[in-house]
Structure formats: structure tokens, C-alpha cells
Amino acid sequence: MTVPYFFQTLVTGISNGMISYLMVAGVSLIISGMNMVNFGQGAFYVLGTYLTYTIAEKVGFVPSLLIVPILVGFVGYFVEKATRPLFGKNMLYVMLLTYGVAYMICDAIVMIWGYSIRLQKLPAFLKGGIKIFGIRFPIYYLFVIAVSAAIAFAFWYMINRTKLGMLTRAIISDRPMVANLGVNVNQMFSILFMIGIGIAGLGGALNAPITGMSPKDGLSVFGNVMPILCIGGLKNMDGCLPAALLVGLVNAFGAVYLPQYYNVLPAALMVICMFINPRGVFTKKEGR
Amino acid sequence: MKKIISLVLGLALVCACACAGAETIKIGVLTDRSSAAAATVTWAEAGAILALEEANAEGGLNGVEFELVYRDTASDSANVAQKATELMNEGCIAILGPKSDGEAPTGATWAEENKFPMVTPCTMNTRVTIENASKYMFSCGFVAWPIAKMNAKYAADHGYQSAFFIGNDGGASGDSRDFFYRELGEGFQNMGSNQVSSNSTEFSTIISSVVGKDPDVIIGAVAGPNFVSLINQGDQFGLWDECDYLGWYTCDSTNTTALAQAGAYPYGKVHGVDLWPFWMDEIEGNAEFVAEYSRIGQEYYGKEIYPSDMGYTWYVGIKAIVAAAREAESLDPEGMTKALANVHFSTKYGDDLYFRDFDHVMAHAYYYVTAVEDTTGKWEIPVGEVYAVYTGDEMLPSKEDMQAYATEMGYTFRDLSAE
């Protein structure tokens, strides 16, 4: 492998991982803060993509990246309300409910946008490529890396440096105590859920100029990021980014050296990591 | 209140009796309206509906109209048996389907076990014609083996020396790769192969690896969202500046529309096989056929649809079933199967279409084209620059070819003409 080829593969893996991170971060936030697995996350991702197709036509692609997450988060608000009666009950009920919501959202996408494959047109300044170590790399992928990195930083800042983040961490540690201190935990749940869903919507919006999306992709996208969740740790928000980058890099280098096993690599990596630490390799082991 | 309820129930009973009395001849259709691949279903079903309308406009069968009855398999082979059984029990005379090549082996097995005729529009492959051959299974679509031969011929004619394969996980995918390399021999460099799941749309890591390997050509076996994603991401990485793409469904609008509208289609770099040369106005009746197909899309699905090879194969499948029904001694499964095995009919794109006696594969005319930008202003989507037109007999494997391949692979070749 030549040096330019190595760096191209490296950067591709990083961009691949950063796109996955946006969906995983939202799921991890919801799991950590609300102790709930949102199986419908993929549907919100696809909803973000389809909203981008429509909104970008009116206001342009870059402004749509600001509008779409807000709209998708707004939809998430109502979904969170629907899950309230199931809080404290068997987690399977919430998983089934959110999976059902995913079906409803995908069917709503079909009703509104119809069954067709779509692709978002890129603005001129994001088209084309630049040479990195002699190999062409798409400008848009570098843009995605930059946006995702900014989101990752904003996420970290929110969790570690803001009052909202402080309350989130407190809820994760001891929800009943936080409630007893007079904090409106239900309102916090709504905010967390909306942020988690909104991040998925942003991931979908960024994905719109990359893949030819179909409405029913929302039912399968979540399965592609499960390995990242398990590797990072289901309730470890800090583990999402390194896990996503790890999977992205394994995919990138695996495509070069093990193309015939490409489909199996993320799952195989997940199994290996769970042998090392079932709670996620980026999560501290119990007792340490 | 009781009188009102009685009146309503009575009216409902009368309506039910009236509906039950309306007789139709049912043709079953295994479709996909719920998986990611359902993004192409409108184009497929439009072809079937067009054929149905033509059949009924001709008077149906002895004045009785044909009717399409749908079941959704979600392109999952686990659903094929159940849905096909439902269609059989509903009184269908034959089934058009399954839709995808991944389901076809299961469909062939079901057809053989239930002795019920099935006409599949998917891309046929040796997992069906050799491994699961059934006298009740008929193929009206593409066939992977001749596609591979045509791609190999194009590669040889243009002096290509190396290829990388990117395909989905269906049976046709493997055949299109394996027969390509068999045709070109050991001197042609196989630079690797990636087979992705049918719902996979992330190709950046694969493309990045391919760019580094620098093949002369990509052999592609992807369609729908897969194809759009691969071509688009390839365009973003500059892959199509370095190599060309060889495949099939080349000018199929389900593959090309989104790319063309986004300004991401690499005109002149995608080559392959088509069945429906919709852009060729010199073919008599072509323009009218295109217009009718478009009308179906608007009338039944409320959307504008451009021509699609997938739609054409579904159209031909229904035409074959209708033609067989008109010639059959009886409409029971054995009668329909015998009629399908002997049916001959024509479309605007082929005189005397029929299913070959030893493998039940339809011998279409194949148009090998390069997808180019339309200069007439008539088409928003790519049109085909014809490189060659091949007859089915030229490119489809002969009985001896199939026998030899089966022997080599350790399978038993079942000559359907002997049954």
C-alpha cells in the first residue's frame, strides 16, 4: 500500500465513521439519559434525508442542515410523549413501540414523497475533490468530517460544560434523586429525546447527497450501527466517537485487504470487542 | 334503529353477492411494496398493468377479463412460499414473480413442489436453471450468463486488462462475475470482489479501495438504491475518471433518474445490457408504448415514470401468461405449464418470443449500450448509444454449455425439454 493510498483509506474511514457517529450519538444519549433503546432511530435518519430533499429546494442545502434537525427533533417530541406510559416497564415494550413508530414514519415518507430513489444535488462549492497526498478526495466528505466533528465537540461541551449536561449526568446517575430535587425530569426526557432524534436527522441530511435513499431504508439503517453501539458501550456516550471511528477504519482497511469479508467485518469486530469487555471496549470495566 | 341496521346489512349482502358474481381470470403477482427495494416497484408494476390493460382491451379470454392479484414478499425469500401459496389458493392461473434474483431459487423450489407455474421477471442465474431447475419455473427477464458474456466481449474489444467486481448478494451477481472471468480467461486480471447486502448504500470505503487498485473497469451487479449510491459516490471520488462500469439495466430509469436530476451521472462511462430501447423512435410503436407506460404511472401511482427495463420484463411476463392462457387446453396448473412451455408471442421489441425448451428462459434481443446524455432534449435521463444488438440465441448458453458447466460444478443438469 502506497502512502497516498494509506492516507486516502484513512480519511475515508474517518468520514465513514463520522457519519455513523451522528446516528449512534443520538441513540446513546437516549439510552443513557432515558434508559430506553430507540429502535426507530433509523427512520428519523431517513426522515432527515427526505426533508432535506424538499427543504433544500427552497432554501438551499446548507441552510437545510440547520432546519432539518429542528424539524425532526420536533417530531421526536411527540414520539417521546407516546413512550411515557411505558417508562419503568419492561424495556421490550419501548423497543417494540419505537420499532412500530419506525414503520409508521417510513410509510408516512412513502405517502408524502412516494416510492422513488432520490439524491440531493450538492451546491457548487461542495462539489469536486482536492488532492490529498496525490489522491483525490471529495470536498463534501471533508465537509461531513468537519460538521460531524463540530457536532461531537458541541455534544461533549453540552454534556460536560452546561447546566443541561450536568442535569443529564445527574439523571444518569440517580434519576429519583434528581426528581426529588424539584427538576422536571419529564421535561428533561423530552429535551434529551429531541436532541437525540435531531442529531439523527442531521445525519440523514448530511447523507442526502451521498446515498440514493429509499423510504424503507429506515427499517434497516439502525442494524448497521448496532455494532458501534455495542463496541462503544450502550450507555457510554463518550465511547460513541472512538467506536464509530474504529468501525469506519476497519471498514475502510477491510475493503482493501479483506474485500470478500467486507459484510461481516463490523459484526465480527463487535463480537471480538464484546469478548474483551461486554459493556463496550471504551467503557471502564466494573470494579476498576 | 333495528330497521336501519337490517337495511344496511341487506345492502351489504347484495353488494357481496354482486361482487362475487363478477368473474375474472386471476394472475398472481409476487411484488415488493415494503422493503428498501420497493423503491422500484412502481416501475415494475406499471409494466404488468400495461400488459393487463392490453389483454383486457383485446377481450380478455373469451370475454372474461384478466385481473392481477398481488402479494408482498418484501424481497425476502422466506416469504415466497407463503405468499405464492396464498395466490395459488386464491385461484390464480399462474404467478408472475418473484421480483428479485435472491428469491428466485425459493420460488423455483416452491413451483416444483406445488406443481404450479411461475414466470419470474428477475435476472435468471444458474442457482435456478441448474441447481433448482423446475419445469414449472419460467424466466422472462435478463439472464446473468449472457450478460457476463456481453460485458466480457465489450471488455475484450476495448482492450481492458483488469476488473474489480462490486455486486449485491443475489445469485445473478455471482454469475455475472464468474462467467465474465471465465469468458476472458486467465490473462485477464481479477483485482477483487465486494458483495454487499441488497440494502447497503455506503460504498465510500469500497470505492476508496478500488481507486487505489486502479482497475480498467468495474463489473457491477447492483441496482436501484445500490446502483445510485455506487455511481454517485464513485463520481464524488473521481472513480469514473479512471475506469468504466459494465453492468445491465443500463438505461433503466429507476437507476438513472435520481443521478441525472442531481447532475451526478457519468455519461459515457456506464455500459451494459438493456431490453427496452425506449429512445429509439425508429422502432415502430415505441413512442406510443412509452407514452402508455407513462400514463399508467400517472393514473395508478400519481407519479411521472420514465421507461424501465424492469417494467418491460414485468410487461413481457404478463403477456406470456395471457398468451399461454389463450392457447391452453385448460387453465389448471398443468394446462398452463404446458401452454407456457409452448407459447409464442410478439412485442414491439421482439418477434416470436418464447421460453427455450430445455431451461425455460426467454430469448430476448439484447441491446448493448453506453449511457449517454440525450441531445434531442426529449429525455432528462440517459439514453443508449447502441454498441451492438445480440439475439438471445447468440448469447444465451446452449444446452451443451449448461451440461458442461453443471458437470464441472458437480451438479446434475435437468433438461426440461425431456419432461
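The values are calculated or read from the model by the stated rules, or taken from the named source; none is laboratory data. Since we're looking at a predicted model, the values are computed, not measured. Note: ideal-geometry Cβ built from the backbone for every residue, glycine included; neighbour counts use all protein chains shown. Please note that ligands, DNA and RNA were not included when accessible areas were found on the heavy atoms of the full protein model with its side chains. Shrake-Rupley method; radii C 1.70, N 1.55, O 1.52, S 1.80 Å.
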Go ahead and set up a Gaussian network model of chain A, Cα springs under 10 Å, then flag whichever of A:192, A:65, A:92 fluctuates most.
A:92
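Please state the charge dipole magnitude for chain B, taken about the Cα centre, from unit charges on C-beta atoms (+1 on K and R, -1 on D and E), reported in debye and rounded to the nearest 20. Could you put the intermediate results ahead of the total?
On the way: 26 positive and 59 negative charges, 250 e Å.
About 1200 debye.
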Among A:50, A:262, A:141, determine the one that fluctuates most according to a GNM of chain A built with springs between C-alpha atoms less than 10 Å apart.
A:262
Going by alpha carbons, how many degrees (0 to 90, nearest 10) lie between the helix axis of B:41-57 and the longest principal axis of chain B?
50
Any residue on another chain or 5+ positions along whose placed amide H is under 5 Å from the amide H of residue B:252 is listed here as B:309
With a sphere of radius 15 Å drawn around the Cβ of residue A:205, what net charge do the other residues whose Cβ falls strictly inside it have (Lys, Arg +1; Asp, Glu -1)?
+1
Round to a whole angstrom and tell me the spacing of the C-alpha centers of region A:236-288 and region B:376-396.
46
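For region B:199-322, how big is the tail of P(r) above 26 Å, as a whole percent of Cα pairs? Please list the in-between numbers first.
Working: 2202 of 7626 pairs.
Looking at region B:199-322, the distances longer than 26 Å represent 29 percent of pairs.
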Under 5 Å, built H, 5+ apart or other chain: amide partners of residue B:67
B:25, B:26, B:27
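For chain B, what relative contact order do you get, as a whole percent, if you take Cα pairs closer than 8 Å and at least 6 residues apart?
17
Assuming a ≥ b ≥ c are the square roots of the Cα gyration tensor eigenvalues, decide whether chain B counts as rounded (a/c under 1.5), prolate (otherwise, with a/b larger than b/c) or oblate. Don't jump to the answer; show the numbers that get you there.
Details: a/c = 1.85, a/b = 1.48, b/c = 1.25.
Cα axes put chain B in the prolate bin.
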With a point put 7 Å past each Cα toward its Cβ, work out how far residue B:161 is from residue B:411 in nm, to one decimal.
3.4
With the charge dipole of region B:242-385 built from beta-carbon charges (+1 for Lys and Arg, -1 for Asp and Glu) about the Cα centre, the Cα from B:271, B:371, B:336 projecting farthest to the positive end belongs to B:336
Please name whichever of B:163, B:228, B:195 sits farthest to the positive end of the charge dipole of region B:122-255, dipole taken about the Cα centre and charges placed at Cβ: Lys and Arg +1, Asp and Glu -1.
B:195
Selection of GluC sites (Glu not before Pro), region B:310-418, meeting DSSP coil and at most 14 other Cβ within 10 Å
B:329, B:373, B:380
Using only helices, what value at 222 nm comes out for the protein assembly as shown when you add -39,500 (n - 2.57) per DSSP H run of length 4 or more and divide by the total residues, to the nearest 500 deg cm²/dmol?
-18000 deg cm²/dmol
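Quick one: accessible area per residue over region A:79-204, 1.4 Å probe, rounded to a whole number of Å²?
Heavy-atom SASA per residue in region A:79-204 reads 51 Å².
So, R0 is 35 Å and r is the distance between the beta-carbons of residue A:74 and residue B:298; what FRET efficiency does that work out to, to 0.05? Display every interim value, and only then the final one.
Values: r = 33 Å, r/R0 = 0.96.
That gives a FRET efficiency of 0.55.
With +1 on the Cβ of every Lys and Arg and -1 on the Cβ of every Asp and Glu, and nothing else charged, how large is the dipole of region B:144-184 about its Cα centre, in debye rounded to the nearest 20?
Working: 4 positive and 5 negative charges, 20 e Å.
In debye, rounded to 20, region B:144-184 gives about 100.
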Can you run phi through the Karplus equation (6.51, -1.76, 1.60; θ = phi - 60°) for region B:263-279 and list ³J(HN,Hα) in whole Hz, with x for Gly and Pro?
x, 10, 8, x, 4, x, 10, 10, 10, x, 9, 10, 9, 10, x, 5, 7
Expressed as a whole-number percentage, the relative contact order of region A:1-146 with C-alpha contacts under 8 angstrom and at least six residues apart is 35
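Once the Cα gyration tensor of region A:169-288 is found, what semi-axes does its equivalent ellipsoid get, as square roots of 5 times the eigenvalues, in whole Å, sorted largest first?
Numbers: eigenvalues 192, 97, 20 Å².
Each semi-axis is the square root of five times an eigenvalue, giving 31, 22, 10 Å.
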As I understand it, the value is the acute angle between the Cα axis of helix B:309-327 and the longest principal axis of the Cα atoms of chain B; what does it come to in degrees, rounded to 10?
40
Restrict the search to region B:218-326; then list the trypsin sites (Lys or Arg not before Pro) that DSSP places in a loop and that have at most 15 other Cβ atoms within 10 Å of their Cβ.
B:303
Residue-wise HN-Hα coupling along region B:102-118, computed from phi with Karplus coefficients 6.51, -1.76, 1.60 (Hz; x: Gly, Pro)
x, 8, 4, x, 5, x, 5, 4, 4, 4, 5, 5, 9, 6, 10, x, 9
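With Cβ to Cβ distances under 13 Å as the rule, what net charge do the other residues near residue B:273 carry (K, R +1; D, E -1)? Mind showing how you got there, number by number?
Values: positive: B:149, B:153; negative: B:252, B:274, B:309, B:394.
Within the 13 Å Cβ shell, the charges total -2.
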Starting from the Cα of residue A:179, step 7 Å toward the Cβ, then list every residue of region A:81-95 with an amide N under 13 Å from that point.
A:84-89
Work out the mean other chain Cβ neighbour count within 10 Å for the residues of B:185-195 and drop it here as an integer.
2
Taking each residue in B:234-241, count the Cβ atoms of any other chain within 10 Å of its Cβ, then average. What number comes out?
4
In terms of the alpha carbon gyration tensor, root eigenvalues a ≥ b ≥ c, rounded if a/c is under 1.5 and otherwise prolate when a/b exceeds b/c or oblate, chain A is oblate
I'd like to check one number: the per residue accessible area of region B:84-178, probe 1.4 Å, reported in Å² as a whole number.
24
Can you tell me, using C-alpha contacts under 8 Å and at least 6 residues apart, the relative contact order of region B:47-191 as a whole percent?
17
Could you give the size of the charge dipole of region B:340-419 about its Cα centre, using +1 on the Cβ of each K and R and -1 on the Cβ of each D and E, expressed in debye and rounded to the nearest 20?
180
What whole-number distance in Å separates the alpha-carbon centres of region B:209-264 and region B:42-77?
32
Helix B:2-21 versus the longest principal axis of chain B: what is the Cα-based angle in degrees, 0 to 90, to the nearest 10?
60
Which shape class applies to region B:323-419: rounded if a/c is under 1.5, otherwise prolate when a/b exceeds b/c and oblate if not, where a ≥ b ≥ c are the square roots of the Cα gyration tensor eigenvalues?
oblate
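May I ask you to list the GluC sites (Glu not before Pro) in region B:168-223 that are in a DSSP loop and have at most 13 other Cβ atoms within 10 Å of their Cβ?
Values: sites: B:183, B:186, B:202; in loops: B:186, B:202.
Filter output for region B:168-223: B:186.
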Per-residue average of Cβ from other chains inside 10 Å of A:130-137
2
Figure the gain on full extension for residue B:81 and residue B:357 (residue separation times 0.36 nm, minus the Cα-Cα span) and round it to one decimal in nm.
96.8 nm
